[in-house]
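Q: Dropping a structure here in structure tokens format, bear with me for questions.
Every read-out reported here was derived from the displayed coordinates using simple, explicitly stated rules and does not represent laboratory data. Remember, it's a predicted structure, so these values are computed and weren't measured experimentally. Here the Cβ is made from the backbone with ideal geometry for all residues, glycine too, and neighbour counts use every protein chain on show.
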Amino acid sequence: MANTRHFLTLTDFTTDELHGLIQRADELKKLFRSRTPHETLKGRVLGMIFEKSSTRTRVSFEAGMAQLGGDAIFLSPRDTQLGRGEPIEDSARVLSQMVDAVMIRTFEHEKVETFAKYSSVPVINALTDDFHPCQLIADMQAYFEVNGDIKGKTVTWIGDGNNMCNSYINAARMFDFELNVCCPEGYEPDAKLLDENKGRVNILRSLEASVKGSSLVVTDVWASMGQEEEAQKRMQAFAGYQVNPALMDKAASDALFMHCLPAHRGEEISHDMLDDPRSVVWEEAGNRMHAQKALLEFLINGKFGE
């Protein structure tokens, strides 16, 4: 277990490994589009534990494993003893004797940390309340495809200091860019992360100031899963924190726009923002599958490719 690699946050990998993931994801995307077989995980099985609902995450992992020649098993809380109170440690010990990797999408980040501690196979964080590292690999791949290396650039996050924002802070460190976080007071990202990244992350209140000179503008919904009861309060707090083409006009001339989806048009984005020429949201979404295929190859085979 001591030598088993996991992917719970971006910082579990080195900068070189993250760049290698993106490069391999790009290769896998080309193989997929040319319909070239690439069954590098033939006979391997991925266990997928979902305690939060999903569209993109389930389809991208399941389709990705099929394309790599392997299989994926979907487990909802109704399908596992975890949902009936079995200790995470016990589930981890048992499942890791039957599958080659485990992907977990859940609420508390401590759950994936505990599962990884007792798992003898790689564990992938497919989203927790604190981090969403798989999405960040897809985002970085989308940026690299259009504008090349993001090193030294300025990125702007607008909205809630949520799991995506926390992962963008980690990305700023690992990919060496500056991050502006524009959010209302009281909705800042994790304080410990901010403290660890002083000088690289700026907290701003003005949308215009935050996007000035920025090469990438990113946002997310104002109320994430599990925050529905706060939705009305958040609507008031975030009123005015909308990304629209007029705001994008104030960013750098090569600026791109991203959103991890699903989006609430008319709230955090204007109705026309996803269809703006600067939006790479659809490529970003599709990249989830390619980036995760590269990740699965690396964690299960210990290398990219055959």
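Q: To the nearest 20 debye, what is the magnitude of the charge dipole of the range 138-284 about its Cα centre, counting +1 on the Cβ of each Lys and Arg and -1 on the Cβ of each Asp and Glu? Spell out each step's value before the answer.
A: On the way: 13 positive and 25 negative charges, 94 e Å.
It comes to approximately 460 debye.
Q: I've got another one for you. Using a Förster distance of 22 Å, how high is the FRET efficiency between Met235 and Asp276, based on the Cβ-Cβ distance and rounded to 0.05? Walk me through the numbers before you get to the answer.
A: On the way: r = 23 Å, r/R0 = 1.05.
Efficiency, rounded to the nearest 0.05: 0.40.
Q: Can you order the peptides 283-291, 189-197 by their average number of other Cβ atoms within 10 Å per residue, highest first? Walk me through the intermediate numbers first.
A: Values: 283-291: 23.6, 189-197: 15.2.
Ranking, from highest mean packing down: 283-291, 189-197.
Q: Using a cut-off of 13 Å between beta-carbons, work out the net charge of the residues near Glu89 (Lys and Arg +1, Asp and Glu -1, Glu89 not included).
A: Values: positive: Arg93, Lys111, Lys117; negative: Glu86, Asp90, Glu110, Glu113.
Spelling it out: positives minus negatives among the neighbours equals -1.
Q: Additional query: Say each of Glu178 and Lys117 gets a label point 7 Å from the Cα, pointing the same way as Cα to Cβ; how far apart are those two points in nm?
A: Between Glu178 and Lys117, the simple spin-label model gives 3.9 nm.
Q: Oh, and also: Could you sort the peptides 39-51, 202-214 by per-residue average Cβ neighbour count (10 Å cutoff), highest mean leading? Let's see the in-between values first.
A: Working: 39-51: 19.1, 202-214: 16.7.
Highest-to-lowest ranking by the protection proxy: 39-51, 202-214.
Q: Here is a follow-up. Considering only Gln292, Gln135, Gln242, give the residue with the highest GNM mean-square fluctuation for the chain, with springs between Cα atoms whenever their separation is below 10 Å.
A: Gln242
Q: Now for a different question. Could you give the DSSP H helices of the chain that reach 18 angstrom or more along their long axis (alpha carbon positions) and whose average Kyte-Doolittle hydropathy is no lower than -0.5? Walk me through the intermediate numbers first.
A: On the way: long enough: 15-33 (27 Å, -0.75); 133-147 (21 Å, 0.19); 281-301 (30 Å, -0.18).
Membrane-span-like by this rule: 133-147, 281-301.
Q: Toward the positive end of the charge dipole of the range 138-284, about the Cα centre and with charges on Cβ (Lys, Arg +1; Asp, Glu -1), which of His259, Met164, Leu193 goes farthest?
A: It is Leu193.
Q: Just add up the charged neighbours of Glu208: K/R +1, D/E -1, any other residue whose Cβ is under 13 Å from the Cβ of Glu208.
A: Details: positive: Arg205, Lys212, Lys250; negative: Asp249.
So the environment of Glu208 carries a net charge of +2.
Q: Sticking with the crude label model, points 7 Å out along Cα→Cβ, report the distance from Ile73 to Thr14 in nm, one decimal please.
A: If labels sit at Ile73 and Thr14, their model points lie 3.5 nm apart.
Q: Extension gain Phe107-Asp249, at 0.36 nm per residue separation less the Cα-Cα distance, in nm? Present the calculation step by step, with values, prior to reporting the outcome.
A: Details: separation 142, 0.36 × 142 = 51.12 nm, distance 3.63 nm.
Working it through step by step, the gained length comes to 47.5 nm.
Q: Measuring from centroid to centroid over Cα atoms, what is the spacing of the range 3-18 and the range 176-246 in Å?
A: The range 3-18 and the range 176-246 have Cα centres separated by 26 Å.
Q: Which option, (i) 1.33; (ii) 0.98; (iii) 1.18, is the value of Cα Rg over 2.2 N^0.38 Å that was calculated from these coordinates?
A: Matching entry in (i) 1.33; (ii) 0.98; (iii) 1.18: (ii).
Q: Under a plain spin-label model, where a point goes 7 Å from the Cα along Cα-to-Cβ, how far apart in nm are Glu86 and Lys303?
A: 3.5
Q: Say we join alpha carbon atoms closer than 10 Å with springs in a Gaussian network model of the chain; which of Val201, Val155, Val146 then has the biggest fluctuation?
A: Answer for the Gaussian network model of the chain: Val146.
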